[in-house]
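Comments concern the structure below.
The values are calculated or read from the model by the stated rules, or taken from the named source; none is laboratory data. This one's a predicted model, so the numbers in the text were calculated from it and none came from an experiment. All Cβ positions, glycine included, derive from the backbone under ideal geometry; neighbour counts span all protein chains shown.
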């Protein structure tokens, strides 16, 4: 494995600079978004009405208008960031600070906000504090919203469907009837909503409970559970069995045998002996079953014990346990002899690691507070301040995945498939999910309430002995399609993943290289995956359409007008997996092959009978 310091991140400069400020709040939440900058008195967009306006004061967000809607929207936070929930569907949020105003299309009932999306008054200066927030909604859909019972419980699914997210219904549309030949040009309406549905995915039937540890005060710890599909949080155990005074539990993870483990930080009494301890936790009561010992390892011929172990993660491919020491770096834990573990990837600056001085440890922070292996055991995902990144131990490569903002304290791979991360931001009222193929983020519907400082989350992982049992690993396939043109142009289409929980399919399309001495293969005009018309496409990569391709003898399916790339779509159900037709076209030439995909009931996709 090639080692490269996670702290000396090659992307650090770009991640902490203009990229964060340029992202809109709606984009961070994964919703289809339009963003506009305006003056200080920007009104709700045409066709919507003001549902609630709040002004920031030193005491919090004070409701201003309209009269009678004071209980419609709830806000928690400060002048820099916060969260909101609403009893009515919100179409747009207008955020104002300084001289800048931004309007975001949200189409949801909850979300987060941050001043970082506002432009500073002068280049190089910090973004202005938020002065007021306006919430807008449809004039028809929300006419009776203020009269509803503000305290009524909402039992709907945690993630909106097409009807309340603004996602367009792309089913049964004729997308190609006007295309009579040559390259495909019918692009005008081939767009998709871009709404990510990952946040509402239910847990694996073998992992009905997802565990967490909440930091109460400086160093008291409460074990909790997160329940799908809305990801509300509840205490684990009864009569205080899951509460641990002065233990400062930071890392949490579960192995393939459903054994739950936690590690301590350095805000504990006598940190030289009590920091960096590995504990086994009772999954029914939250009680500590066993203190397994401090995680120790040699650094430059010095045995180091008692550092803050802020994160642990079991590697699904072999069952090994890995940990992050804030002072020292990435550790492979020796479960047979915990005191003789290995520092796999040291921090670039090891002065705090070698000092054996708790005051020095507390002064130093690596900003990495949690990490998780993917379900294949190949990639580590981790949170660095407000970013989610991936680290490949084999190549040493760090890649930014998603910008969320705030301080990410929890990153955990969802136990089914290999496409969704569970993420918790310090102080946020909502658990989040990151859809890895797109980087989109969405907030769960339920509020975490009091438990807004969750340090770690643990979900069950695939067994090391059966890595191919996950839906994604069981369904990868490639086919090549060659056209009968003057060059024999050839393209490869690969099924990258199928997540049975999120009902999402991801394919890659690329033009192959022509043999040496031959003209390059012609660029692809478009390709069509032969999905039957009984399926409903709830979400897809931009540039797609669903219907018949008039330029290719009415071949029916989901089409992308592209030369190549990676494309995802989400269906209304997880259909049977079998071979389906796929078509590739360049200019007036096209050909088909068969590839694994979703088989819809009724009339099949592809060419008409």
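Overview of values
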read-out: Unmet criterion (only one of (1) crowded, with 22+ Cβ neighbours inside 10 Å; (2) modelled with pLDDT of 80 or more; (3) over 26 Å from residue 313 (Cα atoms); (4) within 26 Å of the chain's Cα centre (by Cα)) for residue 530; value: (4)
read-out: Strands (runs of 3 or more DSSP E) enclosed by region 411-457 - at least 3 residues per element that are assigned by TED's automatic domain parsing to the domain that holds residue 375 and within 26 Å of residue 222 (Cα to Cα); value: 420-425, 432-435
read-out: Test: residue in region 589-597 that is touching a helix residue (DSSP H, G or I) at 6+ places or on another chain (Cβ under 8 Å) and at pLDDT below 90; value: no
read-out: Region 576-609: number of residues that are in a loop (DSSP other than H, G, I, E, B) and buried (at least 19 other Cβ atoms within 10 Å of the Cβ); value: 3
read-out: Boolean, residue 557 is outside any loop (DSSP other than H, G, I, E, B), buried (at least 23 other Cβ atoms within 10 Å of the Cβ) and touching a residue at least 60 places away in the same chain (Cβ under 8 Å); value: no
read-out: Members of region 56-102 that are over 15 Å from residue 117 (Cβ atoms), touching a helix residue (DSSP H, G or I) at 6+ places or on another chain (Cβ under 7 Å) and crowded, with 20+ Cβ neighbours inside 10 Å; value: 69, 72, 87, 88, 89
read-out: Residue in region 343-361 that is touching a strand residue (DSSP E or B) at 6+ places or on another chain (Cβ under 7 Å), under 23 Å from residue 458 (Cβ atoms), part of a loop (DSSP other than H, G, I, E, B) and in contact (Cβ under 8 Å) with a residue 60 or more places away in the chain present; value: no
read-out: Elements of type strands (runs of 3 or more DSSP E) contained in region 216-298, each with 1 or more residues being more than 28 Å from the chain's Cα centre (by Cα); value: 220-227, 277-281, 288-294
